[in-house]
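> So that we are looking at the same thing, I have put the structure below in C-alpha cells.
Bear in mind that the values in this text are calculations on the coordinates, not laboratory data. Since the model is a prediction, treat every value here as computed from it, not as a measurement.
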Amino acid sequence: MKFFYENKDLSVVAHYGVCLAFDAHLHGHIELVYMIEGRSKAYVDSMEYIIEAGDILIVFPNKIHQYQRIGNENFFLSIFPQDLCPEFQNIFKYKVPVSPLIKNAARNNRLLPLMKSIAKINKEKTQFHDAIIRGYFLILLSEIFQMIQFEDARASDTDTVKSILNYCAKNYTREDMQLESISRELHISKYYVSRIFSQKLHMSFNEYIGMLRISDACKFLVNKDMSITEIAYSVGFNSTRSFNRSFLKFTGMAPRQYRQLQSFGNFE
C-alpha cells in the first residue's frame with residue numbers, strides 16, 4: 001500500500017498480512033514478500049508472476065510493481081531501505097534478479113524463522129533495535145541472494161511514469177480527479193497517459209485511482225479509530241455505497257470484514 005513507500009529514512013516495515021492487494025507504485029526501497037499460504041498475482045515492470053505458498057518475491061528499487069488478489073492468502077511483507085545493509089550496495093545499484101520470483105524458497109527452512117524474528121523485533125522496538133534488525137536482514141538477504149541469479153541492471157526511462165504516479169498520489173482523494181487533469185497539469189496527451197496505465201500498470205486510470213483510495217482505506221481500517229463512513233469520504237468517495245462497492249471489487253470483502261480479518265493477521 002502506498003503509505004509504506006513515502007518514507008525516506010531508515011525505518012523498516014515488517015509484518016504479516018492476509019490481503020495482498022496493493023496498487024501499482026515504485027520507490028527506492030527493497031520490497032520482500034514471502035507467501036505462507038495461498039497465492040497472489042504480482043506485476044513487476046509489466047511482467048506477471050504468480051506467488052504461491054513457499055515462494056518469495058523480491059522487488060529491487062525503482063521497479064514498478066503491484067499485487068492483485070487471487071484468493072485468500074497469508075504472507076510476510078517487508079520493505080526496507082538500501083542503506084540498511086551497505087554490504088549489498090553494489091548488488092542493489094548495479095544488479096537485478098533475472099527473475100524477482102523465487103519458487104519454492106521454503107526449501108530453505110531458515111527463512112521463515114528469520115522473518116518471524118524480524119517481525120517480532122520490529123514490533124517491540126527494544127534496546128539496540130536497529131542493530132538487531134540490521135543483523136537479521138544481513139543474514140536473511142545472504143540466504144536469499146544465494147537462491148537468485150543476477151544480471152547487470154539496464155538503464156530505463158521511467159521519468160514520465162514517475163511523474164504520473166506522483167501526481168496521482170498527491171491528488172487521488174479529489175472527487176473531480178480525471179484523466180484530463182493529469183494531461184493538463186503534466187502537459188501529456190491523455191491518450192498517452194491512458195496507454196501508460198493499460199500497458200505498464202495493467203489497469204485503467206479509473207481503476208488505479210480506485211485502488212489508491214482503497215489502499216488508503218485499508219490503512220485507516222487497521223490503524224485508525226474511524227467509522228467506515230468517515231473513511232469513505234476521507235479517501236475521495238462521495239458515498240458509502242460507492243466505497244463499499246469499490247472495496248469489495250479490489251479486496252474481495254466488505255470493509256468491516258477486512259477490519260476484523262486484519263486483527264487476526266499474525267502468524268507468529
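> How far is the Cα center of the range 152-223 from the Cα center of the range 70-115, in Å?
26 Å
> With the contact rule set at Cα under 8 Å and sequence spacing of 6 or more, what percent relative contact order holds for the range 95-202?
28 percent
> Which aspartates and glutamates, if any, have their Cα less than 12 Å from the Cα of K249, not counting same-chain residues under 8 positions apart?
Leaving aside aspartates and glutamates fewer than 8 places away in the same chain, those within reach of K249 are E207.
> From Cα pairs below 8 angstrom and at least 6 apart in sequence, can you work out the relative contact order of the range 51-103, rounded to a whole percent?
This gives 67 percent for the range 51-103.
> So which of K162/K200; K41/K170; K63/K162; K63/K123; K123/K170 end up more than 19 Å apart, counting from Cα to Cα?
K41/K170; K63/K123; K123/K170
> Straight-line reach from K120: which lysines fall under 21 Å, measuring Cα to Cα and dropping same-chain residues less than 8 apart?
Cα-Cα hits under 21 Å: K219.
> Let me ask another. For the range 59-125, list log₁₀ I(q)/I(0) at each q in 0.14, 0.28 Å⁻¹, using the Debye formula over Cα point scatterers of equal strength and ignoring solvent, two decimals each.
-0.61, -1.33
> May I ask for the Kirkwood hydrodynamic radius of the chain, worked out over all distinct Cα pairs and given in angstroms to one decimal?
By the Kirkwood definition, the hydrodynamic radius is 19.4 Å.
> Continuing with the same structure: To the nearest 500 deg cm²/dmol, what mean residue ellipticity at 222 nm is calculated for the chain from DSSP H runs of n ≥ 4 alone, each contributing -39,500 (n - 2.57), summed and divided by the residues?
So the helix-based figure for the chain works out to -13000 deg cm²/dmol.
> Further question on the same structure: Quick one: Cα convex hull volume of the range 2-152, Å³ per residue?
Value for the range 2-152: 101 Å³ per residue.
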